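Input: a single structure, listed below in structure tokens.
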Amino acid sequence: MRMRTRAAVTAAVLALGLPGMAAAVRVNDPLYVKAKNTRVQQGPSSTADTVVILQPGEKVTWKGADPKNKQWHQVEAPGGKKGFVFQTNLSTTQPNMELVTDKDGTRQLDPKKFVASGAAVKALSPGAEAYGKGKKGDYEKAVADIKALEKRNEQLTPERIAAHVAEAGLFPVVGPSDKVASKKSSGKKGGN
Amino acid sequence: MGSRLKMLAMLGVGTLAVSCRGVDFNTLVNKGASAAPQLAKGAVEVVECKKLDVEPTVAEEYALGGALAIHFVQRGGGLMFSTAEEKKLHDYVNIVGKNLAAQSLRPTLNWTFGVLNDTEQFNALSAPGGYVLVTRRLLMEVDNEGQLAGALAHEIAHGVLKHAIRQYNAQKVDACQTAQGAKAVGKAVLSALSANTLLAALETGGTLDLDNEPELLAYLTEKTLAAFDEGNGPKLEFEADRMAVQLMLSAGYDPAAYLGLISKMTDVKNQKNHPKKQERRDKLVAYLDTLKGTADEFPEVATEGLRSPKLKQPDYAVIRPASSSGVAKDSVK
């Protein structure tokens with residue numbers, strides 16, 4: 001990839017209308033946590049001890065990249081705890097927290113409580129289900145298929161996602177658990 | 001779809017420009033003559049109906065998305081979800097998809113990824129509320145997990161960017177205008193009850209409780225489906241391409257896999273608005289060139305350690321045996 005000037009990059013990104021890429025963030029500026037169970041580690045490694053686990057939408061202060069492991073970034077978490085977070089767990093743009101805000105967007109629930117509550121579990125909406133059943137035939141079968149799939153998906157935990165990511169050698173973004181383990185966290189877990 | 005709304009407003013939508021606020025349709029049906037004074041209000045009334053062009057609630061989005069997903073599953077010959085092997089395949093596709101979606105700007109939605117039985121069309125679709133569907137044909141042709149992730153990421157991007165919601169909102173506004181105009185000349189499109197529900201929404205923020213409005217859900221779903229079948233315009237497709245690549249870079253996939261995916265596509269002939277694949281590829285290559293910041297800025301996009309892993313076996317065996325599941329490629333940039 002060829003390097004271009006930041007002005008050109010910013011102009012291009014703004015022209016695209018894409019969130020998350022437009023704001024230039026410098027040391028001591030805020031960043032937002034993207035994914036579930038984002039681990040703040042004691043050192044710049046997925047196998048270091050976990051200091052604290054953060055959830056989507058939580059704000060941290062960027063303290064810069066680790067000089068040796070540049071994909072690990074030092075941050076100050078809410079409450080003042082410091083540690084290292086993997087680069088792509090962090091975003092310059094706050095994610096849409098639509099399921100933890102009121103209709104008017106003012107009152108935010110605690111993202112930690114949201115993740116723990118299972119509030120994001122989705123089933124086919126009652127209106128959609130009635131609509132499909134009313135059309136009968138293949139549509140009714142489609143309703144049954146979607147409901148069965150969504151039921152089975154309830155067993156697809158962040159732990160299984162994290163295990164696949166480790167096995168495939170992808171980035172350790174989604175953490176396996178919302179609780180800090182008593183021993184070293186294992187970013188290199190085996191398969192499903 | 002926003003441009004369509006603007007066009008309607010510019011044209012004044014003459015015959016439909018009756019006030020959508022505070023009018024009881026019951027009093028208008030078969031009383032075209034008495035509606036004449038209302039028709040004179042013109043463009044002001046179009047603006048009233050545009051009050052329905054708002055962000056839907058999550059419940060509204062789930063209802064619309066669920067109903068659209070039912071259509072997509074029906075059209076695709078049902079989900080490939082009968083045998084234990086097929087269910088295992090779904091687990092794999094959902095793990096890959098949920099990992100990407102968790103890194104999107106809509107991380108609290110609970111995303112659902114389905115495989116359609118369709119073995120003819122190389123296709124992927126998305127519906128609001130986090131529904132993503134891919135055809136069995138597409139799965140038969142991808143070479144590695146990076147390409148699978150690319151297809152899912154593109155559809156996640158449409159969901160994050162709420163492209164189908166634009167089409168839905170345009171149908172809400174159209175429904176407000178069309179129902180009013182049709183009723184004024186005695187040809188009801190919606191029942192009086194549903195039409196009045198639309199009117200009431202003008203005063204309550206523009207959102208609809210579709211789970212409790214079956215006629216509106218059916219009408220707006222089928223209208224949105226018809227608009228969907230026209231395909232997204234090139235601008236929206238390019239937007240989804242770029243966000244898809246961002247998601248892949250976030251998760252650790254080599255974006256070269258996305259270019260490989262595009263090269264496998266056949267240009268969609270039945271969607272007149274869909275852009276040509278060569279143009280998509282060219283624009284994406286140009287975009288990838290722009291993705292580096294300066295040394296003192298937080299680098300949101302990873303450029304090292306990117307991979308295109310093999311398709312996971314035996315999870316993928318129901319599509320393709322392990323011996324031909326693709327070649328792993330560590331292509332560090």
Extended-chain gain in nm, criterion 0.36 nm per residue less alpha-carbon gap, residue A:26 and residue A:123: 30.8 nm
Overall dimensions of the stretch B:60-149 by Cα: Rg and Dmax, Å: 12.7, 37
Calculated FRET efficiency for the pair residue B:226/residue B:55, C-beta based, R₀ 25 Å, to 0.05: 0.65
Shielding score for A:138-144, defined as the mean number of other chain Cβ atoms within 10 Å: 6
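Would you please name the GluC sites (Glu not before Pro) within the stretch B:98-151 that are DSSP coil residues with at most 14 other C-beta atoms within 10 Å of their C-beta? All intermediate terms of the calculation are to be shown ahead of the outcome.
Numbers: sites: B:120, B:141, B:145; in loops: B:120.
For GluC sites (Glu not before Pro) across the stretch B:98-151 that sit outside H, G, I, E and B with at most 14 neighbouring Cβ atoms in 10 Å, the list reads B:120.
Looking only at other chains, what is the average number of their beta-carbon atoms within 10 angstrom of each beta-carbon in B:240-252?
Working: counts 0, 0, 6, 5, 0, 0, 6, 1, 1, 2, 11, 8, 10.
Average per residue, whole number: 4.
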Using a Förster distance of 51 Å, the FRET efficiency for residue A:59-residue B:262 (Cβ separation, nearest 0.05): 0.90
Under 19 Å from the residue B:75 label point (7 Å along Cα→beta-carbon), backbone N, the stretch B:198-234: B:217-234
Ascending count of other beta-carbon atoms within 10 Å, so fewest first, for B:239, A:140: A:140, B:239
Listed peptides A:130-138, B:109-117 by packing density, highest first (mean Cβ within 10 Å): B:109-117, A:130-138
Packing-based exposure ordering (other Cβ within 10 Å, fewest first) of B:253, B:92, B:168: B:92, B:168, B:253
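Values quoted throughout were computed directly from the atomic coordinates according to the rules given, and no laboratory measurement underlies them. Bear in mind the structure is a predicted one, so any value in this text is a computation, not a measurement. Because the Cβ atoms are built from the backbone with ideal geometry, glycine has one as well, and the counts that use them run over all protein chains shown.
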